[in-house]
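Visitor: The structure is given below, and queries will be raised subsequently.
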Amino acid sequence: RLSQVRGSRYNPSFLEPEVNKELYQKPWEELSEEEREKLEVKAVRPIKAAPPTVSSSVFSDPMISKFTNMMMKDGNKVLARSLMAQTLEAIKRKQLEKYHKAPEDEKETIECNPYIIFHQALKNCQPIIGLSSITKGGKTYQVPVPLKDNRKRFLAMKWLITECRENKNRRMLMPEKLSQELLQAFNNEGPIIKKKHVLHKMAEANRAYAHFRWW
Amino acid sequence: LRLMYTATAMQSKNVGASGPEKYTEAFIKKQIEEYNLGKRHLANMMGEDPETFTQEDIDRAIAYLFPSGLFDKQARPMMKHPTEIFPEQRKIQWGEDGRPFHFLFYTGKQSYYSLMHETYEKLLNVQKYQDQLTAQDHLPQKEKRNLAGSRWLTKIELEEMLLEKLSDDEYSRFIQLLQKLMMLPCGDIEEKYIQKFSKEVPVQLQKVVIEPLKYDERGVAFSTGEGTRKTARATAVVYDNGTGKITVNGIDVLHYFPVLQDREQLLFPFQFLDRVGKHDMVCTVSGGGRSAQAGAIRLASAKALRSFVTEKEVEFMRQAGLLTFDPRVKERKKPGQEGARRKFTWKKR
């Protein structure tokens, strides 16, 4: 069906840009059939401009940019970015402290890379199944429903941010609290993991209504 | 929701579909004769050869003889072939006794439905041929045709071809039928018929001309590029054999752009091509805000770097979105609303 775009300044025929350098360095022979087709289509169609948040350097990460945008208040990207940088620094410092104090045999198990910790913590926080309210026969039931990937990521990030904004002491700053929460999530403990387990238990309890879902 | 993107073609009315003809055939013929005669007179007046007087020469002559300062190009005096000025219109579709000529006249869209019938007939033919071949076990293997080089006619082009208004649904049904016809193994028989409804799409890269490198007094190669983003206008001059120094409006980049994100954007084209420390850049930028200026300089430097780099890498830059002008601008505020999208607080009474 032809559906007009919801108000984008670009013509609907424009494709998304691909910033990752490695994909362009692969020679023609190594590409699979689908990738070759995609390349051919890309050669003919115009491509949108890369947004200002995205860059091909090693430091730009789409998940981290998404999280920074969610942390941002009133469009203050400078502040959000600096908070994110301070959080990653705080994680690195805590891990290094642990590393230097640990005995020789445990040194290898301690993860020092803050990006890996961030990604793993987010993955641990993602719920697998969620609840959706469906009205049937006048009553509203909470029906367990499988979640899409985007929704899972969004929920994990939202829980993290709300947790850090509300349940902290007056004096504690955001980077410190965030780094604490991320490290706890990395080790599968802490309030956010608890929230995820609560959601799973609710879904399990409402199993009886699962047949109300029609999609 | 209303479209933000509208091509000028979409805004013009489909005159062909509005009603039966307002100009008779005899009238159009007379206009064509007058046009040809006038063309020869004009050629004589300008002192050129009447036989080889092209449309471009006519346009130049008219612009010289009747200079006009009007903004709208359509309002200026023009002399074009009558088929371009008087749009094609449907002839009257019924005879003197009132009986329509075409058997599908009472459907309302006779040309569209007759086209659908024709295409379906071709599909059935192909399927019959295919069944015959399978009976004899001569079925040819379908080779995957390259879809990237051609596109189907757009809805507007189809409307112009049929001289009838179409809805989105009808257009998509027609395209689906064409695709089904093309996908069949023996669809090559009807190749000619399908080619009437498809157009060639040239490779994007060939549209842009890359300028050659210029050399300044010291013998260093350099090239210039211009870029815009929102209201910011930037020009960048990229020099070869440099140390990676960037100067903006006479000020060092660290002082002009204190935010890390802007500096990342400036370095993006260089980092993408692995030429971070090899070029010097001097740019001037005005207008816009902090991020808009950074985006404008990024576009300008990417355009300048095209001259230093192979064609393949230019194609990679284009696919990474470095060479496209960003059309996003601030949306205008509408009357009856507080902002571009935000409505006033809804009060029940």
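Visitor: Of all residues in the stretch B:238-266, which are part of a helix (DSSP H, G or I), more than 14 Å from every other protein chain (Cβ to nearest Cβ), crowded, with 16+ Cβ neighbours inside 10 Å and not aliphatic (A, V, I, L, M)? Don't jump to the end; show me each part of the working.
Guide: Keep residues of the stretch B:238-266 that are part of a helix (DSSP H, G or I), which gives B:253-256, B:260-266.
Retained after the next criterion (residues that are more than 14 Å from every other protein chain (Cβ to nearest Cβ)): B:253-256.
From what is left, the residues that are crowded, with 16+ Cβ neighbours inside 10 Å are B:253, B:256.
Matches in the stretch B:238-266: B:Y256 only.
Visitor: Could you say which residue among A:S55, A:S65 is touching an Asp or Glu at 6+ places or on another chain (Cβ under 7 Å), surrounded by 15 or more Cβ atoms within 10 Å (Cβ to Cβ) and within 14 Å of B:Q261 (Cα to Cα)? Let's see the steps before the verdict.
Guide: Working: A:S65 fails: touching an Asp or Glu at 6+ places or on another chain (Cβ under 7 Å).
Selected residue: A:S55, the only one of A:S55, A:S65 that is touching an Asp or Glu at 6+ places or on another chain (Cβ under 7 Å), surrounded by 15 or more Cβ atoms within 10 Å (Cβ to Cβ) and within 14 Å of B:Q261 (Cα to Cα).
Visitor: Would you check if B:K180 is closer than 30 Å to B:K91 by Cα, touching a residue at least 12 places away in the same chain (Cβ under 8 Å) and either within 14 Å of chain A (Cβ to nearest Cβ) or surrounded by fewer than 17 Cβ atoms within 10 Å (Cβ to Cβ) (or both)?
Guide: Working: closer than 30 Å to B:K91 by Cα: no; touching a residue at least 12 places away in the same chain (Cβ under 8 Å): yes; either within 14 Å of chain A (Cβ to nearest Cβ) or surrounded by fewer than 17 Cβ atoms within 10 Å (Cβ to Cβ) (or both): yes.
No, not satisfied.
Visitor: So, one more: Check the stretch B:300-307 and report whether any residue there is without any contact (Cβ under 8 Å) to a residue 40 or more places away in the chain, in contact with a helix residue (DSSP H, G or I) (Cβ under 6 Å, 6 or more places away or on another chain), within 14 Å of chain A (Cβ to nearest Cβ) and under 20 Å from A:K48 (Cβ atoms).
Guide: Applying the first criterion (without any contact (Cβ under 8 Å) to a residue 40 or more places away in the chain) to the stretch B:300-307 yields none.
No: the stretch B:300-307 contains no residue that is without any contact (Cβ under 8 Å) to a residue 40 or more places away in the chain, in contact with a helix residue (DSSP H, G or I) (Cβ under 6 Å, 6 or more places away or on another chain), within 14 Å of chain A (Cβ to nearest Cβ) and under 20 Å from A:K48 (Cβ atoms).
Visitor: Looking only at helices (runs of 4 or more DSSP H) that lie completely in the stretch A:1-99, which have at least 3 residues being free of Cβ contacts under 8 Å to residues at least 12 places away in the same chain?
Guide: Numbers: elements: A:21-25, A:33-44, A:62-71.
Output list reads A:21-25, A:33-44.
Visitor: Among B:K39, B:K30, which is part of a helix (DSSP H, G or I), exposed (fewer than 14 other Cβ atoms within 10 Å of the Cβ) and of a type in the set (K, R)?
Guide: Numbers: B:K39 fails: exposed (fewer than 14 other Cβ atoms within 10 Å of the Cβ).
None of the other options fit; the residue is B:K30.
Visitor: Further, regarding this structure: Among the listed residues B:R145, B:R76, identify the single one that is modelled with pLDDT under 90 and of a type in the set (D, E, K, R). Even if it seems obvious, please write down each step before you answer.
Guide: On the way: B:R76 fails: modelled with pLDDT under 90.
Going through B:R145, B:R76 in turn, just one is modelled with pLDDT under 90 and of a type in the set (D, E, K, R): B:R145.
Visitor: When the stretch B:282-291 is examined, which residues are found to be surrounded by 19 or more Cβ atoms within 10 Å (Cβ to Cβ) and within 15 Å of B:E264 (Cβ to Cβ)? So that I can check it myself, show each step before the final result.
Guide: Our first condition is that a residue be surrounded by 19 or more Cβ atoms within 10 Å (Cβ to Cβ); within the stretch B:282-291, this holds for B:283, B:285, B:291.
Within the stretch B:282-291, B:S291 is the sole residue that qualifies.
Visitor: Could I ask something else about it? Does any residue of the stretch B:118-126 turn out to be modelled with pLDDT of 85 or more, in a helix (DSSP H, G or I), of a type in the set (V, I, T) and surrounded by fewer than 14 Cβ atoms within 10 Å (Cβ to Cβ)? Working first, answer last.
Guide: Pass one, the stretch B:118-126, residues modelled with pLDDT of 85 or more: B:118-126.
Within this subset, residues satisfying the condition of being in a helix (DSSP H, G or I) are B:118-126.
If we keep only those that are of a type in the set (V, I, T) too, we end up with B:119, B:126.
Keeping just the survivors that are surrounded by fewer than 14 Cβ atoms within 10 Å (Cβ to Cβ) gives none.
Taking every residue of the stretch B:118-126 in turn, none turns out to be modelled with pLDDT of 85 or more, in a helix (DSSP H, G or I), of a type in the set (V, I, T) and surrounded by fewer than 14 Cβ atoms within 10 Å (Cβ to Cβ).
Visitor: Please work out which residue is farthest from the other protein chains (Cβ to nearest Cβ), limiting yourself to the stretch A:41-82 and to residues that are farther than 17 Å from A:V19 by Cα and charged (D, E, K, R).
Guide: A:K73
Visitor: Let me ask you something else. Of the conditions (1) in contact (Cβ under 8 Å) with a residue 40 or more places away in the chain; (2) over 23 Å from A:N11 (Cβ atoms); (3) in a loop (DSSP other than H, G, I, E, B), B:K348 fails just one. Which one is it?
Guide: Of (1) in contact (Cβ under 8 Å) with a residue 40 or more places away in the chain; (2) over 23 Å from A:N11 (Cβ atoms); (3) in a loop (DSSP other than H, G, I, E, B), only one is false for B:K348: (1).
Visitor: So in the stretch B:277-319, with the set limited to residues that are in contact with a strand residue (DSSP E or B) (Cβ under 8 Å, 6 or more places away or on another chain) and assigned to a loop (DSSP other than H, G, I, E, B), which one is farthest from B:N249 (Cα to Cα)?
Guide: Out of the qualifying residues, it is B:H279.
Visitor: Could you please let me know if B:V208 is farther than 25 Å from B:S286 by Cα, in contact with an Asp or Glu (Cβ under 6 Å, 6 or more places away or on another chain) and not aromatic (F, W, Y)? First the steps, then the outcome.
Guide: Values: farther than 25 Å from B:S286 by Cα: yes; in contact with an Asp or Glu (Cβ under 6 Å, 6 or more places away or on another chain): no; not aromatic (F, W, Y): yes.
No: the conditions fail for B:V208.
Visitor: Which residues, counting only those in the stretch B:209-259, are among the hydroxyl-bearing types (S, T, Y) and touching a strand residue (DSSP E or B) at 6+ places or on another chain (Cβ under 8 Å)? First the steps, then the outcome.
Guide: Restricting attention to the stretch B:209-259, the residues satisfying the condition of being among the hydroxyl-bearing types (S, T, Y) are B:215, B:223-224, B:228, B:231, B:235, B:239, B:243, B:247, B:256.
Result: B:Y215, B:S223, B:T224, B:T228, B:T235, B:Y239, B:T243, B:T247, B:Y256.
Visitor: Can you find a residue in the stretch B:325-334 that is without any contact (Cβ under 8 Å) to a residue 40 or more places away in the chain, away from chain A (no Cβ under 13 Å) and farther than 20 Å from A:A50 by Cβ? Talk me through it step by step, then tell me what you get.
Guide: Here is the first cut: in the stretch B:325-334, the ones without any contact (Cβ under 8 Å) to a residue 40 or more places away in the chain are B:327, B:332-334.
If we keep only those that are away from chain A (no Cβ under 13 Å) as well, we get B:333.
Right, trim to farther than 20 Å from A:A50 by Cβ and you get B:333.
Yes: the stretch B:325-334 contains one or more residues that are without any contact (Cβ under 8 Å) to a residue 40 or more places away in the chain, away from chain A (no Cβ under 13 Å) and farther than 20 Å from A:A50 by Cβ.
Visitor: B:R332 - would you say it is outside the structural domain of B:T247 (by the TED database), closer than 23 Å to A:K77 by Cβ and assigned to a loop (DSSP other than H, G, I, E, B)? Give the derivation first.
Guide: On the way: outside the structural domain of B:T247 (by the TED database): yes; closer than 23 Å to A:K77 by Cβ: no; assigned to a loop (DSSP other than H, G, I, E, B): yes.
Spelling it out, it is not the case that B:R332 is outside the structural domain of B:T247 (by the TED database), closer than 23 Å to A:K77 by Cβ and assigned to a loop (DSSP other than H, G, I, E, B).
Visitor: Pick out the one residue from B:K207, B:K214, B:K199 that is more than 30 Å from B:N125 (Cα to Cα) and within 14 Å of chain A (Cβ to nearest Cβ).
Guide: Working: B:K214 fails: within 14 Å of chain A (Cβ to nearest Cβ); B:K199 fails: more than 30 Å from B:N125 (Cα to Cα).
When all the criteria are applied, what remains is B:K207.
Visitor: Let me ask you something else. Being surrounded by 15 or more Cβ atoms within 10 Å (Cβ to Cβ) and among the small types (G, A, S) is true for just one of A:A102, A:A90. Which residue is that?
Guide: Details: A:A102 fails: surrounded by 15 or more Cβ atoms within 10 Å (Cβ to Cβ).
Being surrounded by 15 or more Cβ atoms within 10 Å (Cβ to Cβ) and among the small types (G, A, S) holds for just one of A:A102, A:A90, which is A:A90.
Visitor: Hey, another quick one. For the stretch A:164-200, what are the residues that are under 17 Å from the mean Cα position of the chain (by Cα) and of a type in the set (A, V, I, L, M)?
Guide: A:L178, A:L182, A:L183, A:A185, A:I192, A:I193
Yes or no, residue by residue, for (1) modelled with pLDDT under 90; (2) within 30 Å of A:E204 (Cβ to Cβ):
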{"residue": "A:L79", "(1), (2)": "no, no"}
{"residue": "A:L88", "(1), (2)": "no, no"}
{"residue": "A:K92", "(1), (2)": "no, no"}
{"residue": "A:L96", "(1), (2)": "no, no"}
{"residue": "A:E104", "(1), (2)": "yes, no"}
{"residue": "A:I110", "(1), (2)": "yes, no"}
{"residue": "A:Q120", "(1), (2)": "no, yes"}
{"residue": "A:I129", "(1), (2)": "no, yes"}
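Visitor: In the stretch A:178-193, what residues are hydrophobic (A, V, I, L, M, F, W, C), out of contact with any Cys (no Cβ under 8 Å at 6 or more places or on another chain) and buried (at least 24 other Cβ atoms within 10 Å of the Cβ)?
Guide: First pass over the stretch A:178-193, keeping only residues hydrophobic (A, V, I, L, M, F, W, C): A:178, A:182-183, A:185-186, A:192-193.
Right, trim to out of contact with any Cys (no Cβ under 8 Å at 6 or more places or on another chain) and you get A:182-183, A:186.
Residue satisfying the conditions is A:L182 alone.
Visitor: Follow-up question, since we're still on this one. Quick one: which residue in B:E164, B:E191, B:E159, B:E96 is under 30 Å from A:E40 (Cβ atoms), more than 14 Å from every other protein chain (Cβ to nearest Cβ) and not in a strand (DSSP E or B)?
Guide: After ruling out the rest, the residue left standing is B:E191.
Visitor: Another question, if that's okay. In the set A:I128, A:I161, A:I110, which member is touching a residue at least 12 places away in the same chain (Cβ under 8 Å), surrounded by 15 or more Cβ atoms within 10 Å (Cβ to Cβ) and of a type in the set (A, V, I, L, M)? Reasoning before the result, please.
Guide: Working: A:I128 fails: surrounded by 15 or more Cβ atoms within 10 Å (Cβ to Cβ); A:I110 fails: surrounded by 15 or more Cβ atoms within 10 Å (Cβ to Cβ).
Among A:I128, A:I161, A:I110, only A:I161 is touching a residue at least 12 places away in the same chain (Cβ under 8 Å), surrounded by 15 or more Cβ atoms within 10 Å (Cβ to Cβ) and of a type in the set (A, V, I, L, M).
The values are calculated or read from the model by the stated rules, or taken from the named source; none is laboratory data. All figures in this text were calculated on a predicted structure; none of them were measured in a lab. Heads up, the Cβs are rebuilt from the backbone with ideal geometry, glycines too, and the neighbour counts pull from every protein chain shown.
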